[in-house]
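Note sheet for the following structure.
The values are calculated or read from the model by the stated rules, or taken from the named source; none is laboratory data. Bear in mind the structure is a predicted one, so any value in this text is a computation, not a measurement. Reconstructed Cβ throughout: ideal geometry from the backbone, glycine too, with neighbour counts over all protein chains shown.
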Amino acid sequence: MRQTNLFPKTRKETPSDAKSVNHKYLVQAGYVNQLMAGSWSLLPLGWRVVRNITQIIREEMNAIGGQEILMPLLHPKEIWNETGRWEKAKEVMYQFEDLRHKEYALSFTHEEIFLDIIRKNIESYQDLPIALYHFSTKFRNEPRARSGVLRGREFLMKDMYSVHATKEDFDRFYESVKKAYLKAFKRMGFEVRVTTAAGGVFTENYTHEFQVLAEGGEDTIYYCTQCDWSWNKEIFEKEKYNSCPECDGEIKKSNSIEVGNIFPFGTSYSEKMNVTYVDKSGKSKYVWFGSYGIGTTRVMGAWVEANHDKKGIIWNSQLSPFDCHLIELPGAKEVELTYSKLVDQGLDVLWDDRDIGAGEKFTDSELIGIPNRLVVSEKTKDKIEYKIRGEDKEKLYSRQDIVKLLKDKKTK
Ligand SMILES: [Zn+2]
């Protein structure tokens, strides 16, 4: 894509109300636009990043047997009354009345909606297990919406729900989701800590959060420097260990950002909503139930919090909105040919064809943060100068070699 056509232009000024790095850079570089506190439009660059995140998650959910669906966002009060959450979750839920005095909520999660689908569509143990997921919007009545895309009143999420005939089958699936989440986050380039936490308005059981260590994070976790043990602040402060309870290793405290959360519900929801199946011996039983979330817009914000420098964002190849940034400077030859050779290999190229100074082009390129930068100018002659965002070294390549290098990087 030619940068002359890219909407919007980058901004010179940082937004005055930006309290966090992701807010500052995502707005300045043109990834997102704020409507009001906690409410964001994803612009072309931001939507590209979220689509990349979504695709990785989709592949990993499909790999463990998840099937993609789409559930509605407008919910009748009655369904939330079945579990008592109309009252219990009042603080986070947007609730309102229409002109005929019927009450509704905007979705802040979908447990009740999923279980309603299930109870209308299963009969016996042979219909189980089932795992369904969707990517959609969540609404939360958030009084502190001030951390850029990390804490929204409206945000995108992948949420999956599963039901099982037995506890054993549920436990097996819960562990497979944990592994699939770790795989998805690893593919995205994150190092996450699986952190034990309390379930809030969701459950009285302990749940598992997937936390990214980041200075700008609003959460605090305690983790072992030797093994995988990690607890969030809320439950750690009740126990106050001096060393790791698993291996006696040193415990460290860190700010972090929660990017995913999984909940084991047992049969509590299915008892309240009467979601049953008939087992082998003909007895009616409650299904075992769990839910599994990843905030996709939040993942984008978390990446920026953990991967930036003074000049802007530093994407990796997996999440970047484009595979490479081709910067055309005066005197460059056959730029169009270079561009089409890259595109022919399936690479997504942002071609800076704008009629502005070299300095401004480099500044914008570093702000936007595409990992592979290519420069063509009078100086590079028939070669192409290649640099990785965040590194200092530049190297000259022939057109053929740079196309091959970038293609290999993408398919790796
Ligand atoms: Zn340990």
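Worth pointing out:
- Candidate set from the stretch 306-316 (those that are touching a residue at least 12 places away in the same chain (Cβ under 8 Å) and either over 15 Å from the mean Cα position of the chain (by Cα) or more than 25 Å from K179 (Cβ to Cβ) (or both)); member that is surrounded by the most Cβ atoms within 10 Å (Cβ to Cβ): I313
- Each residue in the stretch 220-233 was checked for being within 16 Å of the ligand (Cβ to nearest atom) and surrounded by fewer than 20 Cβ atoms within 10 Å (Cβ to Cβ), and 4 of them qualify.
- Members of the stretch 221-250 that are of a type outside the set (K, R) and in a helix (DSSP H, G or I): E234, I235, F236, E237, E239
- Pairs are defined by a Cβ separation below 7 Å, a sequence spacing of at least 6 or placement on different chains, a first member in the stretch 342-370 that is crowded, with 19+ Cβ neighbours inside 10 Å, and a second member that is of a type in the set (F, W, Y); the pairs so defined are V349/F322; V349/Y339; L350/F322; W351/Y339; G369/W315; I370/W315; I370/F322.
- V349 vs. criteria out of contact with any helix residue (DSSP H, G or I) (no Cβ under 7 Å at 6 or more places or on another chain) and within 15 Å of Q3 (Cα to Cα): no
- Enumeration of residues in the stretch 234-272 that are under 22 Å from the mean Cα position of the chain (by Cα) and either among the charged types (D, E, K, R) or near the ligand (Cβ under 8 Å from one of its atoms) (or both): E258
- When restricted to residues that are buried (at least 20 other Cβ atoms within 10 Å of the Cβ), in contact (Cβ under 8 Å) with a residue 40 or more places away in the chain and either more than 21 Å from T296 (Cβ to Cβ) or more than 21 Å from the chain's Cα centre (by Cα) (or both), the stretch 57-112 contains 4.
- Residue within the stretch 206-216 that is at pLDDT below 95, over 23 Å from A306 (Cβ atoms) and more than 16 Å from the ligand (Cβ to nearest atom) present: yes
- Of the strands (runs of 3 or more DSSP E) entirely within the stretch 251-299, those holding at least 2 residues that are without any contact (Cβ under 8 Å) to a residue 40 or more places away in the chain occupy 251-266, 284-286.
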